[in-house]
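Quick notes on the structure that follows.
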Amino acid sequence: MHVRSLLSVRARGLALAGVMLLATAVAPLAADAHFMGWPNGKHAYSGSGLLYLNYSRNCSGTFYAAAGDAAYGWNATPTPVWFQEGSVNACNGAVWNGWIDTYSYNNANDWAWGWAQAYALDTICDLYIWPLGCVSSHQQLDPRWDKTYAAGTIMVNTAKATGSNYFLLVGDVAHEMGHNLGLAHAGYYNGESTGYYSIMDYLNWSYNRPRPHDINDVNALY
Ligand SMILES: [Zn+2]
């Protein structure tokens, strides 16, 4: 779904009218797509084969099993996405280039079950000499949603993790993984009048894996 960012507001309205009619006839999906930073807010992808994303869950505390289940949920979708498990070296909250790391924190007063952040590599000039230009620079990972993602973090709130809500823990990590793919909130969580058609909506007991809408969005992005 490219219409949201590429067309003018007027043209978008016309385009969506057509898409909505089709959606009504085919499936009860919301027609609009939801991206964190179209068109560049995503991981680099060759355009064919699987999109391997290194992720770790050894620092996810009581979310460990749920994180694996969430990765499985994304890997089972008809998209290029493949979360490939590995381990980072230290559970210190650091951002690791080429990795999506799952960390845990504990805050019973926090309404959120978790949050996510993507990072892009920026080149920083350390020494600029006229007329030579930049003679010394370094690269650093900066929190960005609108530039090619080089890394990501997922923070999950272990204060929300109990044995009885494991279903929701899986949905929680799957939701945050969706952000790290470049997906934005959808449904009620996006202020829409209808909801619960996307893993990017609020957590709920109806599903905890990517929905057809999410699969469509990922396939539009990659
Ligand atoms: Zn979210």
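Things worth noting here:
- Residue order for E192, E176, fewest other beta carbons within 10 angstrom first, comes to E192, E176.
- Magnitude of the charge dipole, the chain, Cβ model with Lys/Arg +1 and Asp/Glu -1, debye to 20: 380
- Put in line by how crowded their Cβ is, counting other Cβ atoms within 10 Å and starting with the fewest, D201, D122 read D122, D201.
- Mean separation of Cα contacts under 8 Å (6+ apart) over length of segment 133-222, as relative contact order %: 22
- The calculated 222 nm mean residue ellipticity attributable to helices in the chain amounts to -8500 deg cm²/dmol, summing -39500 (n - 2.57) over DSSP H runs of n ≥ 4 and dividing by all residues.
- Residue exposure proxy: F167, F83, ordered by other Cβ atoms within 10 angstrom of their Cβ from fewest to most, comes out as F167, F83.
- Taking θ as phi - 60° and the Karplus parameters 6.51, -1.76 and 1.60, the scalar couplings of segment 184-190 work out to 9, 5, 9, x, 4, 5, 9 Hz in sequence order, x denoting glycine and proline.
- Only Cα pairs under 8 Å and 6+ residues apart enter the sum, and on that basis the relative contact order of segment 118-181 stands at 32 percent.
- FRET efficiency for A112 and D146, using Cβ-Cβ distance with R0 set to 22 Å, rounded to 0.05: 0.45
- Label positions at S206 and Y105, each projected 7 Å from the Cα along the C-beta direction, are separated by 3.0 nm.
- Taking 0.692 mPa s as the viscosity and 37 °C as the temperature, the Stokes-Einstein diffusion coefficient of segment 5-221 based on its alpha-carbon Kirkwood radius rounds to 177 µm²/s.
- Taking only the alpha carbons of segment 105-222, we obtain Rg and Dmax values of 18.7, 65 Å in that order.
- Inter-label distance for S164 and S48, nm, one decimal - labels placed 7 Å from Cα along Cα-to-Cβ: 5.3
- Neighbour net charge for S60 - beta-carbon separation under 11 angstrom, K R +1, D E -1: -2
- With 0.36 nm allotted per residue and the present C-alpha distance subtracted, the N97-T194 stretch has 31.2 nm of extension available.
- Annotation: amide H of N54 within the under-5 Å range of Q84, I100, sequence separation 5 or more or interchain, hydrogens built in the peptide plane.
- A straight chain from C134 to D122 at 0.36 nm per residue would run longer than the Cα-Cα distance by 2.9 nm.
- Whole-number Å³ per residue for the convex hull built on Cα positions in segment 165-222: 68
- Around the Cα centre of segment 145-217, unit charges on the Cβ atoms of Lys, Arg, Asp and Glu (plus for the first two, minus for the last two) sum to a dipole of about 160 debye.
- Formal net charge of residues neighbouring V88 (Cβ-Cβ distance under 13 Å; K, R +1; D, E -1): -1
We did not get these values from a lab; they are worked out from the coordinates using the rules stated. As the structure is a prediction and not an experimental result, all values here were calculated from the model. Neighbour counts are summed over all protein chains in view; Cβ atoms, including those assigned to glycine, are modelled from backbone coordinates with ideal geometry.
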